[in-house]
Amino acid sequence: MTKSKNYEKVIRVDHAGEFGAQKIYAGQIKFSRDKRLIKELKSIAEQEQKHLDFFEAKMLSKRIRPTLMTPLWEIGGYTLGAITAVLGKEYVMACTDAVESIIVKHYKNQMTKKEVKDDKQLLRKIKLFMEEEAEHQKSGENNTKSNSFRIRIFKKLVQQLTLSAIKISEKI
């Protein structure tokens, strides 16, 4: 794979991730009944929108197509958000913890790649986004009071879904 193909893969997968995050938060905001939680989710979603805007601008300026999975990520993200909101704050926060724990590792790994290091703006943004995602993850972890079997299983499931979405978005 050429450098430009690797670069395209980085931008495509990061755009897909931020797009999916926006859909998860949209579903959670729409279906949550907890006013304080909605306020926090809206704040996080605003930050995530800045991440998405950056990757959309990169895609346009570099003429990189989005993943072909975008329609599925839209439905899947929104559905995951809606389900967690209906299940309550603990599941919303467990979802945030699970997704963001994978994204932090993903961004950390990307920062070691030559195609990212060569684009100083991209490197700075990924570092910033990784720090913000780590804050979201910590908030999710701190607000998941239970470490019950069902929450642990749920988090593992969401982590596997996130890893799968990353791998698929890199390829398609």
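No lab work stands behind these numbers, since they all come straight from the coordinates. This is a predicted model, so every value here is computed, not measured. Every residue, glycine among them, receives a Cβ derived from its backbone with ideal geometry; neighbour counts consider all protein chains shown.
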Can you tell me, using C-alpha contacts under 8 Å and at least 6 residues apart, the relative contact order of the chain as a whole percent? 31 percent
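What ranking do Thr96, Thr144 get, fewest neighbouring Cβ atoms within 10 angstrom at the top?
Numbers: Thr96 28, Thr144 23.
If I rank by nearby Cβ atoms, fewest first, I get Thr144, Thr96.
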Which of these values of Kirkwood radius over Cα pairs in Å was calculated from the structure shown: (i) 16.1; (ii) 15.7; (iii) 18.1? (i)
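Using Cβ contacts closer than 10 Å as the measure, can you line up Phe54, Phe31 from fewest to most? Spell out each step's value before the answer.
Working: Phe54 20, Phe31 17.
The fewest-first ordering by Cβ neighbours comes to Phe31, Phe54.
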Restraint check, Lys30/Lys117; Lys58/Lys155; Lys58/Lys108, Cα-Cα greater than 27 Å: Lys30/Lys117; Lys58/Lys155
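Based on Cβ point charges of +1 for Lys and Arg and -1 for Asp and Glu, what charge dipole magnitude is obtained for the chain about its Cα centre, in debye rounded to the nearest 20? Provide the component values of the computation, followed by the final result.
Details: 34 positive and 22 negative charges, 69 e Å.
For this selection, approximately 340 debye.
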Could you tell me which of Ala165, Pro71, His136 has its Cα farthest along the dipole of the chain towards the positive end, charges placed at Cβ (Lys, Arg +1; Asp, Glu -1), taken about the Cα centre? Ala165
